[in-house]
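Here the structure is laid out as structure tokens; the discussion comes afterwards.
Just so you know, all these numbers are worked out from the coordinates, no wet-lab data involved. Please read these numbers as outputs of a predicted model, since none were measured by experiment. Cβ placement follows ideal geometry from the backbone for every residue including glycine, while neighbour counts extend to all protein chains displayed.
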Amino acid sequence: MLHSFFFASADRRPDDHALWVDGRHYTYAEVRARARGISVALAPFAGGPRRNCILFAHRSACAYAGLLGVLAAGMAYVPLHARFPP
């Protein structure tokens with residue numbers, strides 16, 4: 001699973017560059033911290049009948065952390081983009 005691979009890499013190399021976005025490098029530790037925070041916030045909703053999460057984001061560190069956080073919470077995500085029709 002994508003998030004498992006990412007978190008395993010973050011455990012092995014927390015200070016390595018994991019992401020380059022918006023002209024900045026983010027380390028595995030930084031992205032992991034954001035993703036874990038999102039995962040913890042989603043945990044109360046992950047066990048119910050609705051295990052889908054809408055992810056409204058566009059190529060930002062928050063978007064990538066959001067995707068990892070949703071997956072780590074055991075949920076599926078539905079990506080949304082402002083330019084696409086509802």
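Structure notes:
- Bridge orientation summary for the chain: considering DSSP beta bridges with both residues in this region, about 45 percent are antiparallel.
- Whole-number D in µm² s⁻¹ for the chain, Kirkwood Cα-pair radius fed into Stokes-Einstein, 10 °C, 1.306 mPa s: 119
- A simple spin-label model places the labels of residue 29 and residue 52 3.9 nm from each other, with each point 7 Å out along Cα-to-Cβ.
- To the nearest ten degrees, helix 61-72 and the longest principal axis of the Cα atoms of the chain are 70 degrees apart.
- Alpha carbon convex hull of the stretch 3-50, volume per residue in cubic angstrom: 88
- Relative contact order (%) - the chain, alpha-carbon pairs under 8 angstrom, separation at least six: 28
- Extension reserve of the residue 2-residue 60 stretch, reckoned as 0.36 nm per residue once the Cα distance is removed: 19.1 nm
- In nm, spacing of pseudo-spin labels at residue 17 and residue 80 (7 Å Cα→C-beta vector): 3.3
- Test item: Cα-centred dipole of the chain, Lys/Arg +1 and Asp/Glu -1 on Cβ, debye: 220
- Helices in the chain, meaning DSSP H runs of at least 4 residues, each add -39500 (n - 2.57). Divided by all residues, the mean residue ellipticity at 222 nm is -15500 deg cm²/dmol.
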